[in-house]
Amino acid sequence: MFMQDDLRYPIGSYTPQPFSHRQKEAWLLDIKFLPGEMEIAVQNLDEDQLQTPYRDGGWTVHQLVHHVADSHMNAYIRFRLGLTEDNPTIKPYDENKWAQLNDVKTLPINISLTLLHALHQRWYNTIKELSEDEWERTVVHPEHGRKMSLWHLLGMYAWHGKHHLRHITALRERMGW
């Protein structure tokens, strides 16, 4: 359970859901529309605002936008591996170290926003018509030490995008931006 004012998890933590066509359509729309929602969430923020952490000790808005692009690039590859290989082991990465790399420090967020638009279009079109059997295909996440279905990953990444989007929108609300 989470507390309503927990800035780390403003929409709560991810809760896996059983397969349903209704849930699938909702999560697919989350994937499809996240780039536009992210673009709206950061619209008209100045450089000082972009360099503001969403919470004490948290990433800045600038880092969050680049992180979502990094994370979702990995997600896209994980789905493609899961669809083309039998139970592949996916590669974890250190997201905190990635958030400190030079490109994140120096490139404007519009680079990652543009990337998200193209990436999510490819991703959505890859997965929008998967069969129930294809949703049950699995990958192995070595950090978690278990198999994860593509269905589980869909829910997790739909949640992930909304999670970070809410970090930004909640910060804007608290700051009156």
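For Asn125 and Asp48, calculate 0.36 nm times their separation in residues minus their Cα-Cα distance, and state this gained length in nm to one decimal. Mind dumping the intermediate values first?
Values: separation 77, 0.36 × 77 = 27.72 nm, distance 3.62 nm.
Full-extension gain reported as 24.1 nm.
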* **Cα gyration tensor shape for segment 56-149, rounded if a/c is under 1.5, else prolate or oblate** => oblate
* Quick one: angle between helix 21-42 and the longest Cα principal axis of the chain, in degrees between 0 and 90, rounded to 10, please. => 20
* To do: Give the accessible surface of the chain per residue, rounded to a whole number of Å², with probe radius 1.4 Å and ligands, DNA and RNA excluded.
  => 56
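Considering only protein heavy atoms and a 1.4 Å probe, what is the carbon-and-sulfur percentage of the accessible area of segment 16-93?
On the way: 1980 of 3950 Å².
Of the solvent-accessible surface of segment 16-93, carbon and sulfur hold 50 percent.
Evaluate the charge dipole of segment 19-82 about its Cα centre and quote only its size in Debye, nearest 20, assuming +1 on the Cβ of each Lys and Arg and -1 on the Cβ of each Asp and Glu. If you can, show how the numbers build up before the last one.
Values: 6 positive and 9 negative charges, 121 e Å.
Roughly 580 debye for segment 19-82.
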* Structure fact -> Among Leu45, Gly58, His21, the residue whose Cα sits farthest towards the positive end of the charge dipole of segment 17-68 (+1 at Cβ of Lys and Arg, -1 at Cβ of Asp and Glu, taken about the Cα centre) is His21
* Asked: What FRET efficiency would be calculated for the residue pair Ser20, Thr89, taking the C-beta separation as r and a Förster radius of 41 Å, to the nearest 0.05?
  -> 0.90
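What does the helix-only formula give at 222 nm for the chain: each DSSP H stretch with n ≥ 4 adding -39500 (n - 2.57), the total divided by the residues, and the result rounded to the nearest 500 deg cm²/dmol? Display every interim value, and only then the final one.
On the way: 8 runs with 108 residues, N = 177.
Taken over the chain, the calculation gives -19500 deg cm²/dmol.
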* Assigned charges on the beta-carbon of Lys, Arg, Asp, Glu; segment 1-152 dipole about Cα centre (debye) -> 360
* Structure fact -> By the C-alpha gyration tensor axes a ≥ b ≥ c (rounded if a/c is under 1.5, else prolate when a/b exceeds b/c, else oblate), the shape of segment 1-62 is oblate
* Work out from phi, with θ = phi - 60° and the Karplus expression 6.51 cos²θ - 1.76 cosθ + 1.60, the ³J(HN,Hα) of each residue of segment 100-111, listed in order in whole Hz, and give x for Gly and Pro. => 9, 5, 4, 4, 5, 6, 10, 7, x, 5, 4, 5
* Cα Rg, Dmax (largest Cα-Cα span) when computed across the chain, Å -> 16.3, 49
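The values are calculated or read from the model by the stated rules, or taken from the named source; none is laboratory data. Predicted, not measured: the structure shown is a model, and the values here were computed from it. Every residue, glycine among them, receives a Cβ derived from its backbone with ideal geometry; neighbour counts consider all protein chains shown. Note: accessible area is taken over every heavy atom of the protein model, side chains too, but ligands, DNA and RNA are not part of it. Shrake-Rupley method; radii C 1.70, N 1.55, O 1.52, S 1.80 Å.
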